[in-house]
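None of the figures in this text is laboratory data; all of them are computed from the coordinates on show. No experiment lies behind these values; they were computed from the predicted model shown. Glycine also receives a Cβ, built like all others from the backbone with ideal geometry; neighbour counts cover every protein chain displayed.
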């Protein structure tokens, strides 16, 4: 039996920061370097990428630099070639829908950055089209593979928390306006007309994190704001920031769990990591970040007493224990690529499909509606 299988992957949008760094360099090329994706029957799936985009010069240079044989500026021709079985899209969300439809019509399995499309309705339509064509479909869900959240999942599965009561999340950092110091994020992130906004960007992540760790989100109350109304783009030109740069959300989950998550590109960091989640339960609590996870069990919980007239001498952070790694954690983007490729090869399922992606953009839509109307918004069910 041949121990290797080859799958050709169309990679559209790899000249962008995320498409290049995380998906091409640290995922597909890293999988190539390790000799493919291992399957449960002992075979390995070798990935052969073709780089697609609008700029021939950039594509040619990327292909030369990383010893990639194939590249093209003609997506239609590439989709018509049977050598390529998987279509990946890391373009701007505003142009992704048309390309994904073309890939479905060409019979390609689908894996995309999030959000899959601009509306939940569009994503559900794409999912149903792909189902009807018998195609696998998946959406990025990298936060689930962060070492800190993998440790948190370990605690949830072990019943460490007892009954989970609440989740509190803090995400963000100060993104410079772009005049005195260069901005750390591209300018389109701050233009609503280009698909920008922290709600659209981050609520999709929070949906799958909350859903897969604690339960489905059933309702949301949110406030989205634009704290910094004027920024400077990559050419040093000022522009009006029309998209929200911060959002403050309350999410109601299955089982009565309440999650509060603040997301901001206008906050200065005073925490150990750029994102942290505190989970409180009847039997214990945990604080998880990108890498670390600390716990405090009920039996070891101190008894603080409120007294504003006396200085606090307790070192509360020292009362928590660090959760050990007990494993080697791979790059999250690479891990999810391997998960999707295994499903294409018939080796297991891929639960983070377009329907999961639709639930993410549905939460973003509901969050924006809640903010605009000043009310709690219940979420409609989305399922195959």
Anyone know which of 353, 201, 41 comes out most mobile in the 10 Å Cα GNM of the chain? 41
Select from 67, 347, 325 the residue whose mean-square fluctuation is largest in a Gaussian network model of the chain (Cα-Cα springs shorter than 10 Å). 67
Could you work out the equivalent-ellipsoid semi-axes for the stretch 280-384, taking the square root of 5 times each eigenvalue of the Cα gyration tensor, largest first, in whole Å? 38, 26, 12
Order of 66, 141, 270, 227 under a 10 Å beta carbon neighbour criterion, fewest first: 270, 227, 66, 141
Matching label, Kirkwood radius over Cα pairs in Å computed from the structure shown, candidates [x] 21.5; [y] 22.4; [z] 20.9: [y]
Can you give me the angle between helix 120-132 and the longest principal axis of the chain, using Cα atoms only, in degrees from 0 to 90, rounded to the nearest 10? 50 degrees
Show me 314-323, 217-226 ranked by packing, highest mean number of other Cβ atoms within 10 Å first. 217-226, 314-323
Counting only Cα, what are the radius of gyration and maximum Cα-Cα distance Dmax of the stretch 207-340, in Å? 19.4, 57
If you average the alpha carbon positions of the stretch 317-360 and of the stretch 1-68, how far apart do those two centres end up, in angstrom? 19 Å
Cα gyration tensor of the stretch 1-56 - equivalent ellipsoid semi-axes, whole Å, descending: 25, 12, 7
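Roughly what percent of Cα-Cα pairs across the stretch 188-254 reach past 19 Å? Can you show the working numbers first?
On the way: 914 of 2211 pairs.
Of the Cα pairs, 41 percent sit more than 19 Å apart.
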By how many degrees, 0 to 90 and rounded to 10, does the Cα axis of helix 147-157 deviate from the longest principal axis of the chain? 70 degrees
If I fit a long axis through the Cα atoms of helix 332-344 and take the longest principal axis of the Cα atoms of the chain, what angle between them do I get, 0 to 90°, rounded to 10? 50 degrees
Those residues of the stretch 257-284 whose amide nitrogen sits under 17 Å from the label point placed on residue 158, 7 Å along Cα→Cβ: 279-284
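Hey, could you grab the Kirkwood Rh for the stretch 1-144? Inverse mean 1/r over distinct alpha carbon pairs, Å, one decimal. Mind dumping the intermediate values first?
Numbers: mean 1/r = 0.0641 Å⁻¹.
Hydrodynamic radius (Kirkwood, Cα only) of the stretch 1-144 equals 15.6 Å.
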Please state the Cα pair-distance histogram of the stretch 102-159 with 10 angstrom bins from zero: what percent is in each bin? 21, 37, 22, 19, 2
Within the chain, helix-based [θ] at 222 nm, where runs of 4 or more DSSP H residues each add -39,500 (n - 2.57), nearest 500: -8500 deg cm²/dmol
Work out, step by step, the length gained on full extension between residue 290 and residue 32: first 0.36 nm times the residue separation, then minus their alpha carbon distance; give nm to one decimal. 90.3 nm
How would 11, 18, 202, 300 line up from fewest to most surrounding beta-carbon atoms within 10 angstrom? 300, 18, 202, 11
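Based only on other Cβ atoms within 10 Å, what is the fewest-to-most ordering of 15, 282?
Details: 15 20, 282 11.
Result, fewest neighbours first: 282, 15.
Quick one: length gained pulling residue 233 to residue 280 fully straight, 0.36 nm per residue minus the C-alpha distance? Spell out each step's value before the answer.
Numbers: separation 47, 0.36 × 47 = 16.92 nm, distance 4.12 nm.
Gain in length upon complete extension: 12.8 nm.
Quick check on the stretch 64-103: what are the equivalent-ellipsoid semi-axes from the Cα gyration tensor, as sqrt(5λ), descending, whole Å? Intermediate results must be reported in sequence, preceding the final value.
Values: eigenvalues 77, 40, 15 Å².
Calculated on Cα positions only, the semi-axes equal 20, 14, 9 Å.
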